[in-house]
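Colleague: Pasting a structure below so you can have a look.
FYI, it's all coordinate maths here, none of it is from the lab. Small disclaimer: the values here were computed from a predicted structure and weren't measured. All Cβ positions, even for glycine, are placed from backbone atoms using ideal geometry, and neighbour counts span all protein chains on display.
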Amino acid sequence: MNEKQRLEGQQVKAANSSDKKSEKDYSKYFEAVYVPPSLKDAKKRGKEEVQYHNDFTIPEEFLGMGKGRKFYIRTYGCQMNEHDTEVMAGIFLGLGYEPTDSVEDANVILLNTCAIRENAENKVFGELGHLKHLKTQNPDLLLGVCGCMSQEESVVKKILKTYNQVDMIFGTHNIHRLPNILQEAYMSKEMVVEVWSKEGDVIENLPKVRRGNIKAWVNIMYGCDKFCTYCIVPYTRGKERSRRPDDIIQEVRHLAAQGYQEITLLGQNVNAYGKDFEDMNYGLGDLMDEIRKIDIPRVRFTTSHPRDFDDHLIEVLAKGGNLVEHIHLPVQSGSTDVLKIMARKYTREQYLELVRKIKEAIPNVALSTDIIVGYPNETDEQFEETLSLYREVGFEAAYTFIYSPREGTPAAKMQDNVPMEVKKERLQRLNSLVNELSAEAMKKYKDQVVEVLVEGESKNNPDVLAGYTRRNKLVNFVAPKTAIGKVVKVKVTEAKTWSLKGEMVEEVQPVEVK
Ligand code: SAH
Ligand code: SF4
Ligand code: F3S
């Protein structure tokens with residue numbers, strides 16, 4: 001097989017069921033379809049040009065495939081996966097399937113998986129075990145695994161070997177191929193594996209069935225080229241490629257016209273938006289400057305990498321309007337030495353300087369972050385630096401994690417002298433600081449009036465409505481159900497650690513477009 005064929009990939013299915021069990025036979029599938037995570041190979045990326053495809057349609061021969069059949073998708077992981085699920089749901093509907101909320105009722109079950117940490121993967125393997133009995137009850141049921149785990153060689157091998165209940169495995173670059181993969185799985189008694197190592201394409205016109213009609217995700221770019229030493233994403237999502245601004249703006253305008261109240265621009269590293277355009281100099285700041293003119297009340301973006309966060313973006317965000325005062329800015333560690341080993345490419349001081357600039361331009365900004373504790377060989381002093389940075393920035397929220405080694409990443413090869421007990425203790429200490437600062441930030445809202453985008457009934461009490469402020473604070477409050485889907489003013493009566501309680505005062509008029 002030559003390099004071109006290898007990169008383009010091809011669909012492969014196990015030749016017969018017994019193949020699933022024989023270790024030596026797997027190699028041919030991987031040679032054909034899959035390049036295992038390799039830093040060396042992955043870093044060679046970026047030579048081929050991004051191809052844009054605007055012609056996605058469901059092939060005519062597959063229309064009606066889903067007639068009388070139901071699909072169920074369970075989503076793990078980040079917003080990127082949630083949005084991919086919306087695309088797959090769109091394809092299922094296009095094929096004539098109906099959605100169902102119950103696995104028992106489904107004719108096709110997909111697990112859209114996440115590979116970011118070991119426990120994310122364990123959940124999926126556990127679920128595959130739980131679902132096995134459904135295959136015995138209903139032999140026509142198709143069970144599929146897609147998403148980031150499918151891009152890992154070890155996972156595909158493990159499924160081929162021990163999870164015979166799985167009918168299909170497909171990767172993050174193969175979502176648009178769902179009709180063909182389903183067809184193949186119906187025709188064949190064997191597991192269908194389609195995981196392309198090829199990336200670099202941007203496919204437009206994919207159908208989407210969004211969850212809800214208030215908030216919407218909008219992809220602005222795919223992939224990640226940052227290669228933080230602990231992270232699997234650059235391998236599972238491929239190289240950075242940006243959607244063209246016109247396509248994004250058209251999608252946002254369409255969502256605004258449909259009455260959506262909030263959009264979140266999505267990418268693993270949105271600050272690298274546009275860096276791959278060869279024909280123009282256009283970045284996230286430019287894109288946000290155009291999107292802020294669209295008549296949609298709120299615009300968010302995630303996730304930012306501090307390294308590419310430039311002054312132009314800060315300048316545009318400071319214009320406010322529909323650009324909200326909340327920035328999620330993962331720092332990972334407060335120690336310059338740890339940041340260096342993580343290959344984050346900024347120092348503690350540079351991060352603090354960026355925060356200073358952001359706060360100066362947007363004085364009422366709320367900052368949140370991601371932090372990893374227990375990185376290989378992290379010392380007590382280095383951990384203390386994370387705590388002190390957290391306090392110094394005054395983060396209002398954080399996702400905190402214990403480092404989890406991911407096969408194929410450079411960090412997984414590092415010797416680690418930090419015992420798990422110590423890592424757990426550090427996580428606890430960090431979490432109490434996170435709670436303390438969140439409670440402090442919340443307290444300031446007591447007796448204030450805040451703007452809330454009402455998303456629906458609160459989780460625990462249908463008589464109470466819930467929504468978020470511009471600065472991303474959860475508010476539970478009493479109001480008539482007619483407020484759902486609107487931006488309303490709420491007077492805060494009680495501040496808790498992670499949420500506010502209040503009463504609606506009035507509805508807010510739509511933002512004026514400048
Ligand atoms: N692209 C985003 C992060 C995506 S993953 C960014 O760079 O900010 C979300 C978070 O998971 C990361 O910010 C990091 O804190 C955490 N994470 C990623 N890999 C991890 C690993 N191997 N172990 C523990 N946490 C990890
Ligand atoms: Fe992973 Fe984010 Fe780093 Fe990319 S920037 S490698 S997604 S942590
Ligand atoms: Fe997980 Fe993949 Fe997102 S690994 S965090 S689902 S990009």
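Colleague: With n ≥ 4 as the cut-off for DSSP H runs, can you work out [θ] at 222 nm for the chain, using -39500 (n - 2.57) per run divided by the number of residues, rounded to the nearest 500?
Modeller: Value at 222 nm, helices only, nearest 500: -10000 deg cm²/dmol.
Colleague: I'd like the per residue volume of the convex hull spanned by the Cα atoms of the chain, given in cubic angstrom.
Modeller: In the chain, the Cα convex hull volume per residue is 160 Å³.
Colleague: Is the shape of segment 176-315 best called rounded, prolate or oblate, per the rule: a/c under 1.5 gives rounded, else a/b larger than b/c gives prolate, else oblate, with a ≥ b ≥ c the square roots of the Cα gyration tensor eigenvalues?
Modeller: Judged from the Cα gyration tensor, segment 176-315 comes out oblate (a/c at least 1.5, b/c at or above a/b).
Colleague: Would you please give the residues with an amide H less than 5 Å from that of Ala366, counting only those at least 5 places away or on a separate chain, with H modeled from the backbone geometry?
Modeller: His326, Ile327
Colleague: On to the next question. For Glu104 and Asn138, compute 0.36 nm times the residue count separating them, minus their Cα-Cα distance, and round to one decimal in nm.
Modeller: That pair, Glu104 and Asn138, stretches by 11.3 nm at full extension.
Colleague: Charges on Cβ only, +1 for Lys and Arg, -1 for Asp and Glu, centred on the Cα centroid of segment 210-324; of Gly320, Asn281, Tyr260, which one is farthest towards the dipole's positive end?
Modeller: The residue sitting most towards the positive pole is Tyr260.
Colleague: Gly66's amide H: which non-local residues (gap 5+, or another chain) put their own amide H closer than 5 Å, with H modeled 1.01 Å from N in plane and none for Pro or chain starts?
Modeller: For Gly66, the qualifying residues are Gly96, Tyr97.
Colleague: Compare the peptides 473-483, 123-133, 148-158 by average per-residue count of other Cβ atoms within 10 angstrom and give them in order, highest first.
Modeller: Taking the mean over residues of other Cβ atoms within 10 Å, the ranking is 148-158, 473-483, 123-133.
Colleague: Still on this structure, I have one more. Can you give me the Cα centroid spacing of segment 46-103 and segment 407-431 in angstrom?
Modeller: What the calculation gives is 37 Å, centre to centre.
Colleague: Now, a different point. How would segment 449-507 be classified by its alpha-carbon gyration tensor: rounded, prolate or oblate, with rounded meaning a/c under 1.5 and the a/b versus b/c comparison settling the rest?
Modeller: rounded
Colleague: Another question, then. Counting alpha carbon pairs within less than 8 Å and at least 6 residues apart, what relative contact order, in whole percent, applies to the chain?
Modeller: Once normalised by length, the contact order is 11 percent.
Colleague: Taking θ = phi - 60°, what integer Hz values does the Karplus form 6.51 cos²θ - 1.76 cosθ + 1.60 yield along segment 337-349, in sequence order, with x for Gly and Pro?
Modeller: Once rounded to whole Hz, the list reads 5, 5, 4, 5, 5, 6, 6, 6, 6, 8, 9, 3, 5.
Colleague: State to the nearest 20 debye the size of the charge dipole of the chain about its Cα centre, where the only charges are +1 on K and R beta carbons and -1 on D and E beta carbons.
Modeller: 640 debye
Colleague: Which distance in nm do the two modelled labels at Glu315 and Asp447 give, with both placed 7 Å along the Cα-to-Cβ direction?
Modeller: Those two pseudo-labels are separated by 4.1 nm.
Colleague: Among Gln137, Pro234, Ile371, pick out the residue whose Cα is farthest towards the positive end of the charge dipole of the chain, where Lys and Arg carry +1 and Asp and Glu carry -1 on C-beta, about the Cα centre.
Modeller: Gln137
Colleague: Enumerate the calculated ³J(HN,Hα) couplings along segment 373-389 in order (Karplus 6.51 cos²θ - 1.76 cosθ + 1.60, θ = phi - 60°), each rounded to whole Hz, writing x wherever the residue is Gly or Pro.
Modeller: Couplings: 10, x, 4, x, 6, 4, 8, 4, 4, 5, 5, 4, 5, 5, 4, 5, 5 Hz.
Colleague: Can you list the residues, at least 5 places off or on another chain, whose amide H is less than 5 Å from the amide H of Glu194, using H built in the peptide plane?
Modeller: Ile169, Phe170, Gly171
Colleague: Could you give the size of the charge dipole of segment 247-358 about its Cα centre, using +1 on the Cβ of each K and R and -1 on the Cβ of each D and E, expressed in debye and rounded to the nearest 20?
Modeller: So the magnitude is around 480 debye.
Colleague: Please tell me the relative contact order of segment 73-182 in percent, rounded to the nearest whole number, where contacts are Cα pairs under 8 Å and at least six residues apart.
Modeller: 27 percent
Colleague: Going by the alpha-carbon gyration tensor, a ≥ b ≥ c the square roots of its eigenvalues, is segment 378-428 rounded (a/c under 1.5) or, if a/c is not under 1.5, prolate (a/b greater than b/c) versus oblate?
Modeller: Prolate, since a/c reaches 1.5 and a/b exceeds b/c.
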